[in-house]
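Here is the structure we will look at, set down as structure tokens.
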Amino acid sequence: MSVNEKDSTKHHVDKTLSPSPTSISSEVDDAWTFLDAHRDANIGDESVDILTIRRKIDYRVVPLGFLLYMMQFADKLVLNYAGVMTMREDLNLKGNDFSNLVTAVYVAVIVWELPTIYLLQRFPVAKYLAINAILWGVSTACGAAATSFGTMLVTRIFLGIFEATINPSLMLIAGRWYTKPEQAPRISFWLVGLGVGQILGGAVSYGFQNLSGGVTIAGWRIMFLTLGLVTVVFGVLTWFFLPDNPMEAKWLSDKEKVALLRHISVNQTGVEHRKVRVIEIWEALRDAQVWLIWLGVVLIACTGGITVAYSATLIRNMGYTPKQATLLNMPGGLISIASQLIPGWGVRRGGHRWAWVLATLLPAIIGSGLMSFLPPTKRAGVLAGIYLTNFIPGALTVYWNWAPANVAGATKRAFVTALIGACSAIGSIIGAQSFQARDAPEYRPAKITALATQAAGACTTVLLFLWYVWRNRSRALSRGGKEWERETEEAFMNPEVWARMTDQENDKFRYNY
């Protein structure tokens with residue numbers, strides 16, 4: 001890793017802070033405003049235990065992100081499981097109607113990511129996330145009332161609109177509470193919700209396929225309603241229990257808030273500022289790392305689109321019954337969980353992000369090869385291939401935490417993280433549309449598409465790594481090789497660390513890779 005950040009467990013916070021900046025007062029982060037108003041929060045030599053503070057944060061912030069990711073994935077995956085139940089017949093789906101329902105969610109995500117950039121900058125991020133979670137839960141529940149392709153299409157479009165906020169929101173939240181190394185395992189744990197959602201969806205689907213005793217409503221309809229209402233509950237919990245930033249956390253004392261802000265000041269990415277700087281968007285569009293991150297997400301997410309919508313169908317088409325296909329799809333969730341936790345732990349321990357991406361892409365590439373080139377009669381091999389593609393979420397996890405770690409500037413970060421969600425949706429659309437009705441039952445073109453895009457994603461990751469190495473070395477040479485870590489120790493005392501500078505404007509910024 002390019003920067004070896006210290007994870008100190010104790011901080012002594014000086015009561016004498018630098019004067020408020022004059023030249024940057026209108027462009028200073030909200031964290032400095034809080035610090036300036038609480039200069040005497042820590043008086044004397046009493047130490048503050050950062051581990052205790054971090055534990056408080058973990059108990060309150062991390063579980064909610066996990067639950068929302070779990071339901072976000074389950075609400076998308078419900079279509080996958082409903083597809084092997086009676087939904088196709090009940091809605092009279094023909095040809096590529098099912099693929100188009102899958103695609104509609106991601107198209108809506110792409111379209112709504114642009115307004116999301118502005119809304120995340122202007123409104124409290126946690127409250128905005130909570131409202132959208134409630135509304136996407138309602139959209140999922142409304143799918144139970146669908147009577148045709150058109151009515152189901154409407155519910156899926158609204159699902160995509162409201163789900164568009166979860167990735168950028170939680171990426172921004174991670175940067176507000178944790179240092180760069182600390183963000184990786186927390187984001188990984190959030191994304192474990194994807195694997196749990198896959199297992200949960202399979203269990204719920206299997207349960208509703210076994211409904212009996214005079215139930216007149218189709219099992220897939222009850223499944224939509226149940227998952228949607230659970231999401232609404234979690235959205236309400238998010239509204240009441242997730243603070244928008246550390247300064248608003250009622251369960252932290254002023255002393256603890258000051259200590260936490262000092263702790264995360266090494267990020268040099270700020271905490272919150274609601275003034276939009278259009279120039280930061282322009283900078284992002286000219287930033288090579290941003291385009292490489294976006295491209296990597298598009299390529300890797302292609303296989304994610306296949307896993308979300310078609311894994312159960314692929315298993316069923318090997319000759320299994322709908323119930324068997326549902327159960328056999330669930331182990332993929334366990335692989336997804338492992339693929340997210342291990343890279344998060346590795347990055348936290350100082351491992352290279354790019355290497356962990358390649359480590360998770362390799363088994364997924366092998367899995368796509370097994371799916372692509374083994375005949376359907378080799379059911380064990382094809383099934384193993386489907387399972388191995390579930391390593392893909394691990395690679396996406398690393399990409400998603402690269403942006404909050406390496407992009408500074410409130411507007412730039414909101415823009416980049418929001419469009420990461422759009423890029424994920426683009427990849428998922430490519431994956432979903434590679435499944436054409438004429439290619440059934442093997443869908444070989446779709447499987448080869450997964451193989452090719454994963455290999456291209458690995459090449460993009462190497463290019464991103466080389467770009468970060470070049471940028472860090474260039475900055476070190478321009479500063480005469482000065483010790484960067486010592487400057488970050490002193491940065492908390494300088495209000496300029498809270499100035500709204502982007503990673504390109506701040507020559508002290510170093511990229512993590």
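Laid out as a table, the results:
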item	result
Residues being over 11 Å from Ile53 (Cβ atoms), of a type in the set (Asp, Glu) and not in a loop (DSSP other than H, G, I, E, B) - total across the stretch 240-259	2
Qualifying positions in the stretch 81-102 - buried (at least 24 other Cβ atoms within 10 Å of the Cβ) and either assigned to a helix (DSSP H, G or I) or at pLDDT 85 or above (or both)	Tyr81, Ala82, Met87, Phe98, Leu101, Val102
Selection count, the stretch 53-80, where residues are more than 20 Å from Ala126 (Cα to Cα) and either hydrophobic (A, V, I, L, M, F, W, C) or modelled with pLDDT of 85 or more (or both)	4
Unique residue being touching a residue at least 40 places away in the same chain (Cβ under 8 Å), surrounded by fewer than 24 Cβ atoms within 10 Å (Cβ to Cβ) and under 19 Å from the mean Cα position of the chain (by Cα) when the list is Ile426, Ile392, Ile420	Ile426
Tabulated pairs, the stretch 243-256, first over 11 Å from Pro124 (Cβ atoms), second β-branched (Val, Ile, Thr), C-beta under 6 angstrom, 6+ apart or interchain	Glu256/Ile53
Of residues in the stretch 175-194 being aromatic (Phe, Trp, Tyr) and closer than 16 Å to Met70 by Cβ, the one surrounded by the most Cβ atoms within 10 Å (Cβ to Cβ)	Trp190
Criterion (farther than 29 Å from Leu334 by Cβ, of a type in the set (A, V, I, L, M, F, W, C) and buried (at least 24 other Cβ atoms within 10 Å of the Cβ)) met by exactly one of Leu114, Leu172	Leu172
Residue check for Thr155: under 17 Å from Trp220 (Cβ atoms), touching a Cys at 6+ places or on another chain (Cβ under 9 Å) and of a type outside the set (D, E, K, R)	yes
Whichever residue in the stretch 87-122 is β-branched (Val, Ile, Thr) and under 19 Å from Ser311 (Cβ atoms) and, among such residues, is nearest to the chain's Cα centre (by Cα)	Val105
Residue ID - farthest from Ile279 (Cα to Cα), chosen from residues in the stretch 467-513 that are at pLDDT 80 or above, charged (D, E, K, R) and assigned to a helix (DSSP H, G or I)	Arg473
Selection from the stretch 347-366 of residues that are free of Cβ contacts under 8 Å to residues at least 24 places away in the same chain and more than 22 Å from Val298 (Cα to Cα)	Arg349
Helices (runs of 4 or more DSSP H) completely within the stretch 358-466 that count 3 or more residues being of a type outside the set (D, E, K, R) and at pLDDT below 85	392-406, 410-433
Any hit, the stretch 369-377, residues being surrounded by 24 or more Cβ atoms within 10 Å (Cβ to Cβ) and closer than 21 Å to Ile293 by Cα	no
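Here is a yes/no grid of residues against (1) small (Gly, Ala, Ser); (2) more than 22 Å from Phe162 (Cα to Cα); (3) at pLDDT below 90; (4) part of a helix (DSSP H, G or I):
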residue: Gly207; (1), (2), (3), (4): yes, yes, yes, yes
residue: Ile217; (1), (2), (3), (4): no, yes, yes, no
residue: Thr226; (1), (2), (3), (4): no, no, no, yes
residue: Leu229; (1), (2), (3), (4): no, no, no, yes
residue: Val233; (1), (2), (3), (4): no, no, no, yes
residue: Thr238; (1), (2), (3), (4): no, no, no, yes
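For every residue, the table says whether it meets (1) without any contact (Cβ under 8 Å) to a residue 24 or more places away in the chain; (2) within 30 Å of Ile217 (Cα to Cα).
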| residue | (1), (2) |
| --- | --- |
| Ala82 | no, yes |
| Val105 | no, yes |
| Pro115 | yes, no |
| Lys127 | no, no |
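The values are calculated or read from the model by the stated rules, or taken from the named source; none is laboratory data. All values derive from a computational prediction rather than experimental measurement. Virtual Cβ from ideal backbone geometry, glycine too; neighbours counted across all protein chains shown.
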